[in-house]
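To start, the structure itself, in structure tokens.
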Amino acid sequence: MRKTILSLIFIITLSLTMNQSAFAAEIAIKLVGQNEGWIHAPIERNGVEIFPIGQILNFLDISGTETVYYNESPAYSFVTFQGQCFKITHGKPEVQEYELDESGSCLVQTGDSYRMEVEAGYLDSYNLGIFVPLSFISDILQNPKFGNKFTTHYNPKGHTLEFTMVNNNGSGKIEAVNPVTLAMKINSPWLLTKDDGNLFDENDHSVTPIIRNSSTLLPIAPIIKQMGGTVHWNGTERKVTITLNQNSIDLWIDSKSALVNGVIKKLEVPPTIIKGKTMLPVRFVTENLGAKLLWDGNSQMILIYYGGAEPQQMDLLEYNYKISMLDAFQKQEDNRQTLADVVEQNKKKHEQVQYNNTDPLDYYGKWIHIGDRVALGTFSGYVKDIRGTKVLVYWDTASFLVDPGKEREMSKIYGITWLADQWMDAKAVVLSE
């Protein structure tokens, strides 16, 4: 299984903080529907497995921290998570809770304490943090005073540790929460998540969202899978059944009637089969599953937010840029590259360029001349002067990805001064065709 970009970053981060012996014993960790990574495997103490609490809580809440006071006797750690702070001491089963102030310091005890079934402890390196029983970690996650709640599932045979974010849906029932942001574009085969990108169909790159009678149709199964649900096809009835949490939708090919949790609802456009693929109206399906769908007609982008995910100001720009980059690269290569692969391929091309101290060569080694147009990110300009490897660029054009009036603000992201002359390293820009 291909790991997401975030998973790769997480693994790299661990490699910088864990000593070499840690890699001899790792288990997979997963936040269902969101992140995957690795943590140090549990160790046994008095018949009970104990886990690295700091690594786990930081995986679930990147703002969480563990501060080790190794010069104290005995050594102890302050572990923070979602606004709470716990003092965990080496060789002791008692844990004290502290108040977490605005600076992130643990100063005053709350009076609440916990007793674990075995003592906490460090391994041969304080870099791994302190280890505690999983029951204590699960208690914190299931009964937080602030923030999100999580359920815990540990498979010792499969060496996996899995967490699911949950909330109360108002009826007293606890249901899974899977904050997911999905992005796609009409006539593009790419379905992007927050941290990665995949094709709708690995074997057929012509499978894309399409517009029919002002409604967007697409193969829904990859989207429902990302949201944590299932899709079942009944060939006899030509029926698609979608289930997600407490919701169920039944749709029939070429029928404008659907059942949503047993209630009949009408469709503007019926499901259909195109090139052997079942295509469903995305807005009807996602909104009846409790998701939010945003459509941008200018870029023909579709953004789906589910499970607590909220639209961010830069979403349209960022996802559109990523899909455009993937589409362009796909036409030249083999249509099977992930976003990380694209970045790596471009990096390799750049590293092969033989730069010197005199020639104005762009990012890919092409010679820049006065009067040429060059680009950086979503902006471009023309070259007014050249001095060795420096080019003077007047930045005057923004792509359609930048909202009118936002050019000056957005240009700062790329270190560009909008509508002004700016000296740049030639190798930092790309010669426009």
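The values are calculated or read from the model by the stated rules, or taken from the named source; none is laboratory data. Nothing here was measured: the structure is a model prediction, and the numbers come from that model. Cβ sites come from the backbone with ideal geometry, for glycine too, and all protein chains shown count toward neighbours. Just so you know, the surface numbers come from the protein's heavy atoms only, side chains and all, with ligands and any DNA or RNA stripped out. Shrake-Rupley method; radii C 1.70, N 1.55, O 1.52, S 1.80 Å.
Taking all protein chains as they are arranged and a probe of 1.4 Å, the heavy atoms of SER188 leave approximately 0 Å² accessible to solvent.
Taking a Cβ cut-off of under 15 Å around ASP139, the surrounding Lys, Arg, Asp and Glu residues balance to a net charge of -1, with basic ones at +1 and acidic ones at -1. Among SER257, SER77, the sequence by solvent-accessible area, most first, with a 1.4 Å probe is SER257, SER77. Spin-label model, ARG408 to LYS225: label points 7 Å out along the Cα-to-beta-carbon direction sit 4.7 nm apart. Annotation: per residue accessible area for the chain equals 51 Å², rounded to a whole number [probe 1.4 Å, protein chains only]. Amide H contacts of GLY121 (H built 1.01 Å from N, in plane; Pro and chain starts excluded): GLY91, PHE131 sit under 5 Å, all sequence-distant by 5 or more or on other chains. Applying the Karplus relation 6.51 cos²θ - 1.76 cosθ + 1.60 with θ = phi - 60° to segment 198-214 yields 3J(HN,Hα) values of 9, 7, 4, 9, 4, 9, 9, 7, 8, 7, 9, x, 9, 10, 9, 6, 6 Hz, where x marks Gly and Pro. A full extension of the chain between ARG238 and LYS366 corresponds to an added length of 40.6 nm, given 0.36 nm per residue minus the alpha carbon distance. Full extension of the chain segment joining VAL353 with MET314 gains 10.8 nm, where the gain is 0.36 nm per residue of separation less the Cα-Cα distance.
Please give the length that would be gained between TYR394 and SER73 if that part of the chain were fully extended, namely 0.36 nm times their separation in residues minus their C-alpha to C-alpha distance (nm, one decimal).
Working: separation 321, 0.36 × 321 = 115.56 nm, distance 6.25 nm.
Between TYR394 and SER73, full extension yields 109.3 nm more.
Could you tell me the calculated FRET efficiency between LEU294 and ARG387, based on Cβ-Cβ distance and R0 = 56 angstrom, to the nearest 0.05? Please report the intermediate quantities before stating the final value.
Working: r = 46 Å, r/R0 = 0.82.
Once the sixth-power term is evaluated, E becomes 0.75.
Principal axis extents of the C-alpha atoms in the chain (largest first, rounded to whole Å): 72, 68, 39. Near the amide H of TYR98, within less than 5 Å, lie the amide hydrogens of CYS85, PHE86, LYS87, THR110, all on another chain or at least 5 residues away, with H placed in the peptide plane. Exposure check, 1.4 Å probe, all protein chains in place: ASP195 carries approximately 40 Å² of accessible surface.
Of all DSSP-defined beta bridges confined to the chain, some 95% are antiparallel rather than parallel.
So if R0 is 30 Å, what FRET efficiency would LYS277 and ALA41 give, r being the distance between their Cβ atoms, rounded to the nearest 0.05? Mind dumping the intermediate values first?
Numbers: r = 42 Å, r/R0 = 1.42.
Between LYS277 and ALA41 the formula returns 0.10.
Please give the net charge around LEU303, taking every other residue with its beta carbon less than 14 angstrom from that of LEU303, where Lys and Arg add +1 and Asp and Glu add -1. So the surrounding residues net to 0. Using the empirical formula 2.2 N^0.38 Å as the baseline, the Cα radius of gyration of segment 337-433 reaches a ratio of 1.10.
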